[in-house]
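What follows is a set of notes on a single structure, which appears directly below.
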Amino acid sequence: MGLQPKNVLITGANRGLGLELVKQFLRLQSPPKTLLATCRSPENAKDLNDIAAKHSNVKVMKLDVTKPADIGECTTRLNGYLVKEGLNLLINNAGIANKKQYLGNLEKQSLIEQFDVNIFGPILLSQALLPYIKQAAISSTDTSLNCNRAAIVNMSSILASIAENQNGGLYPYRTSKAALNMLTKNMNLDLKSEGILCFCIHPGWVQTDMGGPNAAVTKDKSIAGILDVMSKMNGETSDIFVDYNGKSLPW
């Protein structure tokens, strides 16, 4: 069938992987009916606003995942778009890694900031949007688990893998993303009986502001792979931590 969710919400959609997700969703054979592209400062998101000006199905919305008030306001606004069909696909893409990453320079505020974005945000946003995602699962004539019906996808990292950690360091990023993996595992167990698929993806070491210009993977290649993975993921697979090529990763 291919990837063709009707209603999609992406966090951190103003740049990097989030912006590339918006671009490639629009290039699908059956683009989303409503593509909700959220970011902290829409007024500064020139590239995203330019896309929205050319595509009426793209709705740019303000959402700082660290602010409960923003989540509440966003959830209320979504009612106008999703009241009948619900939200088929939530992509928790927003994430940060600041410079305070090592044992010698860790600071409490730096830890809080990264956990706020990388794990608290996805938990609280998923909780707030769950009624819309459940509505999508109920409304669908498809009874299988897939990204067209109802799914939550969390953008994780191989750096979250405890089994693969051979180098240490990167304390707040590794631990916050490892917590995101546990969130994903929990949601997968709790929500699959309600028709909602949950999994997490490592996008690769990508040429973004976070990954840097020397990273091994382009944004185009990473997101093309991620969309392909989304098109193939279903309830029959036990692998819910994978990379952009679909390779299973160890927890």
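Take the Cβ-Cβ distance between Met182 and Gln29 as r, set R0 to 45 Å, and report the resulting FRET efficiency rounded to the nearest 0.05.
Given R0 = 45 Å and the Cβ-Cβ separation, E is 0.80.
Any idea how far apart Gln4 and Gln127 come out in nm if each label point goes 7 Å out from Cα toward Cβ?
Label-label distance for Gln4 and Gln127, simple model: 3.7 nm.
In whole Å, what is the distance between the alpha-carbon centres of the stretch 133-176 and the stretch 56-109?
Using only Cα atoms, the two centres lie 15 Å from each other.
Using +1 at the Cβ of each Lys and Arg and -1 at the Cβ of each Asp and Glu in the chain, identify which of Gly168, Val217, Pro5 lies farthest towards the dipole's positive end.
Value: Pro5.
Can you sort Ser222, Ser56 so the residue with the fewest Cβ neighbours within 10 Å comes first?
Fewest to most other Cβ atoms nearby, the residues stand as Ser56, Ser222.
Taking R0 as 22 Å, what FRET efficiency do you get between Glu236 and Thr141 from their Cβ-Cβ distance, rounded to the nearest 0.05?
Numbers: r = 19 Å, r/R0 = 0.87.
Plugging the Cβ-Cβ distance into 1/(1 + (r/R0)^6) gives 0.70.
Give the share of C-alpha pairs in each 10 angstrom bin for the stretch 175-214, from 0 to the last occupied bin, in whole percents, shortest bins first.
Distribution as computed: 26, 36, 25, 12, 1 percent.
I need the helices of the chain that pass two filters: whole DSSP H segments spanning 24 Å or more by Cα along the axis, and mean Kyte-Doolittle score no lower than -1.0.
121-139, 171-191
Would you work out the relative contact order for the chain, in percent, from Cα pairs under 8 angstrom that are 6 or more residues apart?
Once normalised by length, the contact order is 19 percent.
Order these by the 10 Å Cβ neighbour count, fewest first: Glu164, Glu20.
With the fewest neighbours first, Glu164, Glu20 line up as Glu164, Glu20.
Going by how many other beta carbons lie within 10 Å of each one, how would you line up Ser126, Ser139, Ser41, fewest first?
Listing Ser126, Ser139, Ser41 from fewest to most nearby Cβ atoms yields Ser41, Ser139, Ser126.
Using the Cα atoms of the stretch 7-243 to build a convex hull, what is its mean projected area in square nanometres?
Averaged projected area of the stretch 7-243's Cα convex hull equals 12.7 nm².
Classify the stretch 44-102 from the C-alpha gyration tensor, please: rounded if a/c falls under 1.5, else prolate or oblate depending on whether a/b exceeds b/c.
Taking the square roots of the gyration eigenvalues as a ≥ b ≥ c, the stretch 44-102 is oblate.
What pairs from Lys6/Lys185; Lys33/Lys84; Lys23/Lys192; Lys23/Lys54; Lys23/Lys177 go past 18 Å between their alpha carbons?
Numbers: Lys6/Lys185 25 Å; Lys33/Lys84 13 Å; Lys23/Lys192 29 Å; Lys23/Lys54 12 Å; Lys23/Lys177 25 Å.
As for pairs spanning more than 18 Å Cα to Cα, those are Lys6/Lys185; Lys23/Lys192; Lys23/Lys177.
Where in the stretch 1-63 are there trypsin sites (Lys or Arg not before Pro) that are in a DSSP coil and have at most 10 other Cβ atoms within 10 angstrom of their Cβ?
Arg27
All of the numbers you see were taken from the coordinates with simple rules; none came from a lab. Nothing here was measured: the structure is a model prediction, and the numbers come from that model. Note that each Cβ is placed from the backbone with ideal geometry, even for glycine, and that neighbours are counted across all protein chains shown.
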